[in-house]
Amino acid sequence: MEDKGHKITRWIGIGILAVLGMLLFVSIGGFVVQALWNWLVPELFGLPLISFWQGLGLLVLTRILFGGVSGPGGRGKHRKHKNRGKHWKLSSEEKEHLEQAAAEEEQNESQES
């Protein structure tokens, strides 16, 4: 029983450290955005200084606009290469069919643009 209790305590400690690490990482990001903005933007564009919370808001906004809201490897970034390397295990007929399908897909994409 002590061993199980020790494992639970260990995982709780790891969880607390993970949360603290994420908070530290986000805080550093907010301070970096604030510092860069306050250093460059008022002088270049005549805009006002921002607070830490505004810097953190800008960081979140840029993540949403340019990085999406899904986690790493989310919406299709790596989906294209998900099956990379599996074609070596295919028979010659399957490889040919796969190549034809890829050529058709490429042709469809080029026609759309």
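The values are calculated or read from the model by the stated rules, or taken from the named source; none is laboratory data. Note that the structure is predicted; figures quoted are calculated from it, not measured. Don't worry about glycine lacking a Cβ; one is built from the backbone with ideal geometry, like all the others, and counts go over all protein chains shown.
When you go through (1) hydrophobic (A, V, I, L, M, F, W, C); (2) modelled with pLDDT under 90; (3) not in a helix (DSSP H, G or I) one by one for Ala103, which number turns out not to apply?
Only one criterion in (1) hydrophobic (A, V, I, L, M, F, W, C); (2) modelled with pLDDT under 90; (3) not in a helix (DSSP H, G or I) is unmet by Ala103, namely (3).
Yes or no, residue by residue, for (1) in contact with a Ser or Thr (Cβ under 7 Å, 6 or more places away or on another chain); (2) modelled with pLDDT under 90; (3) surrounded by 10 or more Cβ atoms within 10 Å (Cβ to Cβ):
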position: Gly15; (1), (2), (3): no, no, yes
position: Glu43; (1), (2), (3): no, no, no
position: Pro72; (1), (2), (3): no, yes, no
position: Lys82; (1), (2), (3): no, yes, no
position: Ser92; (1), (2), (3): no, yes, no
position: Lys95; (1), (2), (3): no, yes, yes
position: Leu98; (1), (2), (3): no, yes, yes
